[in-house]
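K.L.:
Structure provided below as structure tokens; questions to follow.
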Amino acid sequence: MEQIRRLESEMDCLKNEHFAVPVICDSIPPSLDQSFHKDSENSGQKPVTNSSDEGKNQDSHPSKSDEVDSTIPKENFPNSLPRREREGMPSSSSSSKTTVHFDKPNRKLSPAFHQALLSFCRMSADSRLGSEVSRIADSEKSVMLMLGRCLPHIVPNVLLAKREELIPLILCTACLHPEPKERDQLLHILFNLIKRPDDEQRQMILTGCVAFARHVGPTRVEAELLPQCWEQINHKYPERRLLVAESCGALAPYLPKEIRSSLVLSMLQQMLMEDKADLVREAVIKSLGVIMGYIDDPDKYQQGFELLLSALGDPSERVVSATHQVFLPAYAAWTTELGNLQSHLIPTLLSKIEKLLREGEHGLDEHKLHMYLSALQSLIPSLFAFVLQNAPFSSKAKLHGEVPQIEVTRFPRPLSPLQDVSTIIGSREQLGVLLQLYDYQLEHEGTTCWESLLWVVNQLLPQLIEIVGKINVTSTACVHEFSRFFWRLCRTFGKIFTNTKVKPQFQEILRLSEENIDSSAGNGVLTKATVPIYATGVLTCYIQEEDRKLLVGFLEDVMTLLSLSHAPLDSLKASFVELGANPAYHELLLTVLWYGVVHTSALVRCTAARMFELLVKGVNETLVAQRVVPALITLSSDPEISVRIATIPAFGTIMETVIQRELLERVKMQLASFLEDPQYQDQYSLHTEIIKTFGRVGPNAEPRFRDEFVLPHLHKLALVNNLQIVDSKRLDIATHLFEAYSALSCCFISEDLMVNHFLPGLRCLRTDMEHLSPEHEVILSSMIKECEQKVENKTVQEPQGSMSIAASLVSEDTKTKFLNKMGQLTTSGAMLANVFQRKK
């Protein structure tokens, strides 16, 4: 109102001067439009302070004209930004502006009459919006002031889905507005613009924040943007906390360095420890990685290491993945600059692994082992880059002339760009020059005075090989982890390094020669995880013919030495399991086994027969038919009975996994010869092996094979066992029969088979258990009673899919008793796993 009075006073002066009836500019919309298009900077307006009625009720949804007007500041902003240094300058005084003249009506009406006449034009200058509409900004500052007053009223009336369209307006106003309080309000609006911003909306807000930060500098970023982040650190919506976590990383380059390593680091640490949302913690980890790339306070090194361990141990796979992709490489780069990579970071992780192995003699924490070992694996590129950058030839690595090309397969595929050696070095061209000098140095000049590489050869490798010898060879996960680690290490450091530095150290420890057959030291190391990790982690790095021959020869030697010294085969089995997971090695493994099939020693042939069982499941049926079955048929007619018995598990696995009818018939005939040939009538070991195999493969084998072969022969074996006079053998066979029947009870069994084979077999088994194991006898009696009752009532249900007969034959009480007893008995883990496995 004060402004209006001032304008009216000026109008009176103009009337007296020109002797004409004035037309009030800010009360006639056509004149307002005309004046804007003629000369918007000559309206004679002065800067207007913030209106005092912002708390009044907001107007209803904006009209079409409001939407059109809202584009005007956007068009002016690009011209305003370069002139921001003048934001504090006052606008030009009215005396310096040219007065706008309007056509004078050739009438003699009194001014009062004109005024009264114009009052019938319905205009509103009394409301907040009317006040804003009736005046036009005449400078950058007044535009900013106007936007600062209007935006808080515009934002709530814009659809949520379209509010990101306001981000440029809000940011430009917050950037150029002269009042700190108004800037704070606008930034508060920015961070609260969208209730739950999605990924694209958050990216837009972050882009704006970065643009704001570049424009205003570190002091205002600290004073104005960071408080907005801090306010929302515990917001109830994860999307808003996600915005905070992402902002910390995006703004890191534009903050004062003291704030990066103090306030921002503390904020991220708090969110990592306290936030329950995986997505938020993932964003925190990525922002921590960015912070690690800008931090330069060595006192924060230990805090960074503790954060790294917390991140690696996070329960969320997303968080752990982000740690390996972003945080760990960034932290490793800082560690390298501080000179702590070989003196602290890697040795500390190794010592934690050693401590785990010492404390885990009765139960290793495999999760923690994976955590530390995967961290070491992610550090391999940083370690190799450090070795190259500190090599004797590093000063000679100049880019001139033709740049050496790097083979596409020279390095393992990096988990992220930050683990790419060329990224760490600086460029692929620079890396190519360094690699050429590296290979030449290793091949011709050696490692003298090359401290960083000597540390790898003389400290890291021996410690790793010692650790490998301590892990449990039967732990498939541990063997796989260490195998992948050595594979990546050897591939990263190259073939020359692998052949001249890695392989000799393993070979020195393994000492493969027949002289060591009776040596406890020699045999001991061959039974450890050193064997599978050397075979699958080192010898598979390169696949040229000579490399494959070396791997075949190593596996043949291990199989021979373990067999001749009667040592456990776990290390050889672990090698076959790890290699068998890759079809590229199936032919190679079959070559190794054929060496065993034709070996002169029955012990080696027996080992080869047992190893076929591990290989059958992963090999395609063509190889099974062409290579596996002929080898097993050969072994099944071996002069030594132990070799023949050793083929039974492999035959059983074929019955479980193969679907070719002809192949199944060949296997079935071979098993039938074992069961029906008189020469095997008293072979207790053979019968035990067959019963164990039937129990393992029966539930998953083809139903016809199970019905026509497995169940009738189990019945016969149960009958024969009733006549066994040696109680120890009788109990052993009965226990294996009990496990087999327990596993087969999960399958659908027809009424005929139930009456003719299943029930009679159970009754024979109960006869044995009555005298030898009353606990088993109770369970068997319950099962028999239920089966008989169902058969008598003829209510044996038809199977639905793979419905378990146990569900229809055994009452709830009997099932509970059966399961409780099964838990107390000395039943193998594999058998118990099969008890509840559905048939295929």
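K.L.:
Provide a single number: the residues in the range 288-346 that are under 22 Å from Leu255 (Cβ atoms), small (Gly, Ala, Ser) and open to solvent by 40 Å² or more (accessible area, probe 1.4 Å).
P.N.:
Of the residues in the range 288-346, 2 are under 22 Å from Leu255 (Cβ atoms), small (Gly, Ala, Ser) and open to solvent by 40 Å² or more (accessible area, probe 1.4 Å).
K.L.:
Same structure again: Can you tell me which condition Leu717 does not meet? The list is (1) closer than 21 Å to Leu780 by Cβ; (2) surrounded by fewer than 19 Cβ atoms within 10 Å (Cβ to Cβ); (3) of a type in the set (A, V, I, L, M, F, W, C), and all the others hold.
P.N.:
(2)
K.L.:
Can you tell me how many residues in the range 465-478 are of a type in the set (Val, Ile, Thr) and outside any helix (DSSP H, G or I)?
P.N.:
Total meeting the criteria: 3.
K.L.:
Residue check: is Val552 within 19 Å of Thr530 (Cβ to Cβ) and among the β-branched types (Val, Ile, Thr)?
P.N.:
Here the answer is yes, as Val552 does meet what is asked.
K.L.:
Within the range 575-609, count every residue that is among the basic types (Lys, Arg) and either under 37 Å from the mean Cα position of the chain (by Cα) or assigned by the TED database to the domain that holds Leu539 (or both).
P.N.:
Qualifying residue count, the range 575-609: 0.
Listed here are the residues, each with its yes/no results for (1) within 23 Å of Ile465 (Cβ to Cβ); (2) in contact with a Leu (Cβ under 6 Å, 6 or more places away or on another chain).
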position: His370; (1), (2): yes, no
position: Leu376; (1), (2): yes, yes
position: Ile380; (1), (2): yes, yes
position: Phe386; (1), (2): yes, yes
position: Gln389; (1), (2): no, no
position: Pro392; (1), (2): no, no
position: Asp420; (1), (2): no, no
position: Leu442; (1), (2): yes, no
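K.L.:
Do the conditions hold for Phe651, that is, is it at pLDDT 90 or above and not assigned by the TED database to the domain that holds Asn721?
P.N.:
yes
K.L.:
Spot the failing condition for Ile194; the list is (1) out of contact with any Leu (no Cβ under 8 Å at 6 or more places or on another chain); (2) closer than 30 Å to Glu282 by Cα; (3) open to solvent by less than 50 Å² (accessible area, probe 1.4 Å), and only one is missed.
P.N.:
For Ile194, the exception is condition (1).
K.L.:
Of the residues Asn458, Asn472, which single one is open to solvent by 50 Å² or more (accessible area, probe 1.4 Å) and free of Cβ contacts under 8 Å to residues at least 24 places away in the same chain?
P.N.:
Asn458
K.L.:
Looking only at the range 557-564, decide whether some residue is out of contact with any strand residue (DSSP E or B) (no Cβ under 6 Å at 6 or more places or on another chain), open to solvent by 20 Å² or more (accessible area, probe 1.4 Å) and closer than 30 Å to Thr500 by Cβ.
P.N.:
Yes - at least one qualifying residue is present in the range 557-564.
K.L.:
Return the only residue of Arg730, Arg696 being open to solvent by 20 Å² or more (accessible area, probe 1.4 Å), among the charged types (D, E, K, R), touching a residue at least 24 places away in the same chain (Cβ under 8 Å) and within 24 Å of Cys606 (Cβ to Cβ).
P.N.:
Only one candidate qualifies: Arg696.
Quick grid of which residues meet (1) in contact (Cβ under 8 Å) with a residue 60 or more places away in the chain; (2) within 25 Å of Gln544 (Cα to Cα); (3) in the same structural domain as Thr500 (by the TED database); (4) not small (Gly, Ala, Ser):
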{"position": "Ile406", "(1), (2), (3), (4)": "no, yes, yes, yes"}
{"position": "Ser416", "(1), (2), (3), (4)": "yes, no, yes, no"}
{"position": "Thr423", "(1), (2), (3), (4)": "no, no, yes, yes"}
{"position": "Gln436", "(1), (2), (3), (4)": "no, yes, yes, yes"}
{"position": "Thr447", "(1), (2), (3), (4)": "no, no, yes, yes"}
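K.L.:
I would also like to ask the following. Counting just the residues of the range 187-218 that are basic (Lys, Arg) and assigned to a helix (DSSP H, G or I), which one comes out nearest to the chain's Cα centre (by Cα)?
P.N.:
Arg202
K.L.:
Right, another one. Just to be sure, is Val616 more than 20 Å from Pro699 (Cα to Cα), buried (at least 18 other Cβ atoms within 10 Å of the Cβ) and in contact (Cβ under 8 Å) with a residue 24 or more places away in the chain?
P.N.:
No; evaluated as a whole, the condition is false for this residue.
K.L.:
Can you name every residue in the range 640-655 that is out of contact with any Asp or Glu (no Cβ under 8 Å at 6 or more places or on another chain) and either open to solvent by 20 Å² or more (accessible area, probe 1.4 Å) or on the phi > 0 side of the Ramachandran plot (or both)?
P.N.:
Correct list: Glu640, Ile641, Ser642.
K.L.:
Of the numbered conditions (1) free of Cβ contacts under 8 Å to residues at least 40 places away in the same chain; (2) open to solvent by 50 Å² or more (accessible area, probe 1.4 Å), Gly432 satisfies every one except a single condition; which is it?
P.N.:
Answer for Gly432: the failing condition is (2).
K.L.:
Okay, next question. Which one of these does Ser395 not meet: (1) in the same structural domain as Ala529 (by the TED database); (2) surrounded by 16 or more Cβ atoms within 10 Å (Cβ to Cβ)?
P.N.:
That leaves (2) as the condition not met.
K.L.:
Could you say whether any residue in the range 119-126 is open to solvent by less than 20 Å² (accessible area, probe 1.4 Å) and either in a helix (DSSP H, G or I) or farther than 26 Å from Ala250 by Cβ (or both)?
P.N.:
no
K.L.:
Please verify whether the range 509-525 includes one or more residues that are at pLDDT 90 or above, over 27 Å from Val387 (Cα atoms) and touching an Asp or Glu at 6+ places or on another chain (Cβ under 8 Å).
P.N.:
no
The values are calculated or read from the model by the stated rules, or taken from the named source; none is laboratory data. Being a predicted model, the structure only gives us computed values, none of them experimental. With ideal geometry, Cβ positions are generated from the backbone for all residues, glycine too; neighbour counts draw on all protein chains shown. Accessible surface areas use protein heavy atoms only, side chains included; no ligands, DNA or RNA. Shrake-Rupley method; radii C 1.70, N 1.55, O 1.52, S 1.80 Å.
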